[in-house]
């Protein structure tokens, strides 16, 4: 077992626990960055997709995992970021300006949504955002002159310093672009969590009254959380647009919103790891299913038929199992496994036991 | 006359929304949980009845199939609580919301496996019959929907506000621990409520399938019904029905009088407006938390 | 000099008068206790100071500021910190993080400098840590520093809440039933701490408490309330022997 002796305040402020942990993350980063040489184009594309979902997950994690505001409508912000990015590029703005701007604009859109939503709690906020996501679909159709309506839009690659970055023509470059965005967002997120603002998010999540009594302006904090969350989600949306190439109003349906929320729940709410772990599940589940279908077909004869809804059915079942047996998600399970190894053979089953609490009415707010 | 016809068909649709919303509110009232899968429950109820009555499946007589399928739905509701929801006792509302959304996915998948993805209609004795009412032509199904919905809402309302068990259920939701101390069997009450919600979903499903066709994605109608429940104010049974009727009536009128493309926005726009200006619905139950 | 002033404050919830024409002053440097039977409006007084409710009439002044002009989060900015009757900690955070939230009112960095974690943000974090560690030492919380609140026993939570309030570096500390639910030993500890908070840190303390032993042990002056109104105000001994107080607690002598 590794025991960290704390001799300096900086040890708690630094993002890594000790040099061992730092080394492990750096090795992981090097391996991922080398993926274009390790994987074929198909799997590199899948990995890119996972990273984009992870960025979107980080966006939602800020709002739902750390500020406790459940959103069932983040697909609306994915769409906003995607369209903002493409429309800016079509207007002749270079990608390196259009892309950050798309996120910032989405953040501003998030603030305009947050202000009327400030009074809403729990399920009311969930249904509010869900309605937004449904409306976004219709709004994109109605705003046809700008968005292309049902026909949608198409965007080939983008140019960065004269290099073509395109999902199909230059998948390696596109992968690195996504990886760089993911790294920047993650680092910003880590910094946020070790600074007063990130802590005030957690304070609002866990107890609004005492956050207020500590001098945290709840309305302002929630609005900021919406802004940051939507900005990151907007970047993910812009990358999704580049990844998909062609997209229309149905690309960002309310189902995507639900999927995104489920993803971070499976990964583990309230942790950065959770967004990545959830994205891996959502990204590789379809591959896994099609491979196992082929395997089943080969083993038992018969042909591989498409079963509609299978992916969602399985996904739903996985989620139910997680909520029932591991509410802290995959990251929570990982923490337990790690502790088991570190403490072997002294791990006790009740070490992570949560306090049983009785439901108090949420009608009293 | 034309408007009257629109109104009637809107009311009939609204009743179905209201019935699903009733299921939401029932569960919310007694357990403070929100069942996002209520729409899929309704779809399941429709398919179970179709599976029992339609000639291509079991072909039982309609009036025999009716109690059986309601029994099945009640049992499913009870089992769901027993096996899954009860384990979340004391967890946050959000966990239950996410769980039931996932459950909806699973139900849709299973229904698709069993009954396929083609739209199907319930064969029923009311099919094709009409009632003429001073120039208005009403389908018997529409009349049945409206009558059944009103009776059911009234019955549930009386149950909750007048009977001992109903009051006990309300008490159980507001403070589980206190309810325990008062000798209310909280867990059993929850089971009964989920069974009841299953039966209500079954009724909604049967009425819906008699009026039109169902397929596994019909359950997504639940989103609209959820909007109805919020508009009416969560926690009020007559409110749920009123919300359902509002949404049901708005739809045909919006598509008649507002430009295409804008009309389907109407119910959601109304929902947003209600949430912004009267966040607790038109029949509020929310008070301020004491610290 | 008076630090906190209630002047003819009245609060009504619908038909119920929770606080009725209440006036009192808390002097700088004293420990001031509010006692009274359940439902007397003691916690309501705290919630009025925290600006959770708007009074129906009257004025509340703190350190020369009109408290009724600020929003709830602004009260802490003036230097008022509080604890809650039913412990309101940040459950899914560590003790350290809880105390660091208490430093929020001293935040000088902004969104951008925090996301980039600039040297100034780093310096601020170090300062916060130093201050918080002092409080951890003061209240003997070293063993729990990195533990999640959700796993802590009740008595420790109670202390953590006091620590979090102290982390804000307050001028006035509001303690809502600091000894409720504590064992005899823990209550004794709490008593010494309250004494030290006043003497060493120079913080004025206003507390609501049922335990008369604790109240008479630490407080300079006591306000007795019943039905939202003032019954008696004076030293602990004076209040305890005041006929109105005796009557409120024991009923009319027959």
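Observations on the structure shown:
- Set side by side, the residues A:126, A:227 differ, and just one is in a helix (DSSP H, G or I), under 25 Å from residue B:278 (Cβ atoms), out of contact with any strand residue (DSSP E or B) (no Cβ under 9 Å at 6 or more places or on another chain) and assigned by TED's automatic domain parsing to the domain that holds residue A:78, which is A:126.
- Index of the failed condition, residue A:225 passing every other in (1) surrounded by 24 or more Cβ atoms within 10 Å (Cβ to Cβ); (2) at pLDDT below 95; (3) more than 7 Å from chain C (Cβ to nearest Cβ): (2)
- Of the criteria (1) touching a residue at least 60 places away in the same chain (Cβ under 8 Å); (2) exposed (fewer than 11 other Cβ atoms within 10 Å of the Cβ), which one residue A:45 fails: (2)
- Test for residue A:60: is it in a helix (DSSP H, G or I) and more than 13 Å from the chain's Cα centre (by Cα): no
- So residue B:226, is it in contact with a strand residue (DSSP E or B) (Cβ under 7 Å, 6 or more places away or on another chain) and either modelled with pLDDT of 85 or more or within 13 Å of another protein chain (Cβ to nearest Cβ) (or both): no
- Which numbered condition residue B:131 misses (of (1) within 30 Å of residue B:44 (Cα to Cα); (2) assigned to a helix (DSSP H, G or I)): (2)
- Residue in the range C:62-70 that is out of contact with any strand residue (DSSP E or B) (no Cβ under 6 Å at 6 or more places or on another chain) and within 14 Å of chain A (Cβ to nearest Cβ) present: yes
- Of the candidates A:143, A:84, A:76, the single residue that is under 21 Å from the mean Cα position of the chain (by Cα) and within 14 Å of chain B (Cβ to nearest Cβ) is A:76.
- Residues (in contact (Cβ under 8 Å) with a residue 40 or more places away in the chain and more than 7 Å from chain C (Cβ to nearest Cβ)) located in the range A:195-214: A:198, A:201, A:204, A:205
- Residues that are crowded, with 20+ Cβ neighbours inside 10 Å, in contact with a helix residue (DSSP H, G or I) (Cβ under 7 Å, 6 or more places away or on another chain) and more than 9 Å from chain A (Cβ to nearest Cβ) are absent from the range B:86-105 altogether.
- Neighbours by Cβ (under 7 Å, 6+ apart or cross-chain): first from the range A:90-107, within 16 Å of residue A:178 (Cα to Cα); second not in a helix (DSSP H, G or I): A:95/A:158; A:95/A:159; A:95/A:160; A:96/A:160
- Residues that are surrounded by fewer than 24 Cβ atoms within 10 Å (Cβ to Cβ) and part of a helix (DSSP H, G or I) within the range B:225-244 comprise B:238, B:242, listed in sequence order.
- Criterion violated by residue A:133 - all others in (1) free of Cβ contacts under 8 Å to residues at least 12 places away in the same chain; (2) within 10 Å of chain B (Cβ to nearest Cβ); (3) under 22 Å from the mean Cα position of the chain (by Cα) satisfied: (1)
- Some residue of the range B:196-213 being surrounded by 18 or more Cβ atoms within 10 Å (Cβ to Cβ) and within 14 Å of chain A (Cβ to nearest Cβ): no
- Identity of the residue in the range C:85-120, at the interface with another protein chain (Cβ under 8 Å from one of its Cβ atoms) and within 18 Å of residue C:176 (Cα to Cα), that ends up surrounded by the most Cβ atoms within 10 Å (Cβ to Cβ): C:102
- Given (1) within 14 Å of chain A (Cβ to nearest Cβ); (2) modelled with pLDDT under 90; (3) surrounded by fewer than 19 Cβ atoms within 10 Å (Cβ to Cβ), number of the condition residue B:133 does not satisfy: (1)
- Unmet criterion (only one of (1) more than 7 Å from chain A (Cβ to nearest Cβ); (2) in contact with a strand residue (DSSP E or B) (Cβ under 6 Å, 6 or more places away or on another chain)) for residue C:82: (1)
- For residue C:90, the criteria (1) in contact (Cβ under 8 Å) with a residue 12 or more places away in the chain; (2) within 20 Å of residue C:207 (Cα to Cα) hold in every case but one, which is (2).
The values are calculated or read from the model by the stated rules, or taken from the named source; none is laboratory data. Worth saying up front: this structure is predicted, and the values here are computed from it rather than measured. Glycine also receives a Cβ, built like all others from the backbone with ideal geometry; neighbour counts cover every protein chain displayed.
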